[in-house]
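What follows is a short report on a single structure.
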Amino acid sequence: MSLLRSLSLCLVSRTRSCPAGSLLLQSPQLWHSFHTGSWLSSSASSKELLMKLRRKTGYSFVNCKKALETCGGDLKQAEVWLHKQAQKEGWSKAAKLHGRKTKEGLIGLLQEGNATVLVEVNCETDFVSKNLRFQQLVQQVALGTMLHCQSLKDQVSTYSKGFLNSSELSGLPAGPDKEGSLKDQLAVAIGKLGENMTLKRAAWVKVPSGFYVGSYVHGAMHSPSLHNLVLGKYGALVVCETSEQKANLEDLGRRLGQHVVGMAPLSVGSLDDEPGGEAETKMLSQPYLLDPSITLGQYVQPQGVSVIDFVRFECGEGEEAAEAE
């Protein structure tokens with residue numbers, strides 16, 4: 001019940017917890033070339049290129065220097081070389097770490113226009129889930145899922161909803177500014193952070209005019225570089241149908257999402273259903289999270305909207321059951 005109390009008594013706190021990590025490709029040859037190579041000392045422009053590559057990629061000076069040496073000072077080729085080396089190391093480390101439990105991680109919620117996506121990416125420890133590089137991976141997965149959702153043909157008259165399992169999610173393109181698939185980006189992140197990680201699942205919803213998607217993320221943190229991506233441990237989308245656009249729809253949608261996160265319904269149900277107690281699984285018959293004296297249906301009915309569907313993600317759910325099996 002601590003989650004329910006937390007949800008009903010407080011607003012979402014917006015925090016930034018993004019300790020940055022760094023990648024060092026562990027190679028004695030790189031250190032040797034750093035100390036003995038003459039490339040850096042050749043000119044001021046060479047040092048400027050090194051600094052530029054370092055700022056752009058985030059890799060160590062050692063690796064950026066090696067990349068520029070290997071590519072004859074070509075900045076673009078050096079960047080590609082760095083990413084390929086990181087990916088190779090990531091795949092090697094991913095093979096070694098495969099099978100280790102990934103119970104922690106983050107839910108990412110991204111909304112753009114009439115499309116909304118929820119994704120879950122898992123790691124081994126909560127410490128890594130707070131790392132900036134891990135959060136950037138969740139961001140990349142959310143963007144890849146959004147591009148997939150937006151590429152699908154719209155339904156004119158009603159909303160559409162879909163799910164992607166781990167395998168389907170891994171195979172999606174990484175996006176316009178990244179090479180390869182999301183699975184490749186996962187390998188790079190594993191190489192950088194040294195923990196096993198999994199792209200667990202994703203869900204997407206698209207709505208036409210006359211529908212609205214409410215959303216809520218518990219314990220929310222905003223992405224450091226994508227303002228409409230929210231990260232947390234629980235997330236929910238609620239699809240509503242409304243005859244008119246109202247000023248309070250965003251707040252209403254957030255409250256509905258908050259209820260879904262806290263009460264974990266299994267179905268929407270009907271306004272005609274009898275009120276239930278805390279064990280009730282039909283959403284509209286459940287006691288309303290923020291006012292248990294009424295049902296959620298009784299709260300929604302005067303608002304002029306109809307609850308049609310919802311999606312709820314809880315980070316790590318299902319892992320304990322799978323482990324028991």
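The values are calculated or read from the model by the stated rules, or taken from the named source; none is laboratory data. Because the structure is a prediction, the values reported are computed rather than measured. Here the Cβ is made from the backbone with ideal geometry for all residues, glycine too, and neighbour counts use every protein chain on show. Note: areas computed on protein heavy atoms with side chains; ligands, DNA, RNA excluded. Shrake-Rupley method; radii C 1.70, N 1.55, O 1.52, S 1.80 Å.
A few comments on the model shown:
- Among the residues examined, Ser160 does not qualify as of a type in the set (Ser, Thr, Tyr), surrounded by 15 or more Cβ atoms within 10 Å (Cβ to Cβ) and touching a helix residue (DSSP H, G or I) at 6+ places or on another chain (Cβ under 7 Å).
- Selection of region 61-93 for residues being buried (at least 20 other Cβ atoms within 10 Å of the Cβ), modelled with pLDDT of 75 or more and of a type in the set (Gly, Ala, Ser) yields Ala67, Ala78.
- For region 127-167, filtering for residues that are part of a helix (DSSP H, G or I) and without any contact (Cβ under 8 Å) to a residue 12 or more places away in the chain leaves 3.
- Residue within region 155-165 that is more than 15 Å from the chain's Cα centre (by Cα) and within 20 Å of Tyr234 (Cα to Cα) present: yes
- For region 217-324, the strands (runs of 3 or more DSSP E) that sit wholly inside it and include 2 or more residues that are open to solvent by 10 Å² or more (accessible area, probe 1.4 Å) are 234-242, 291-295, 305-314.
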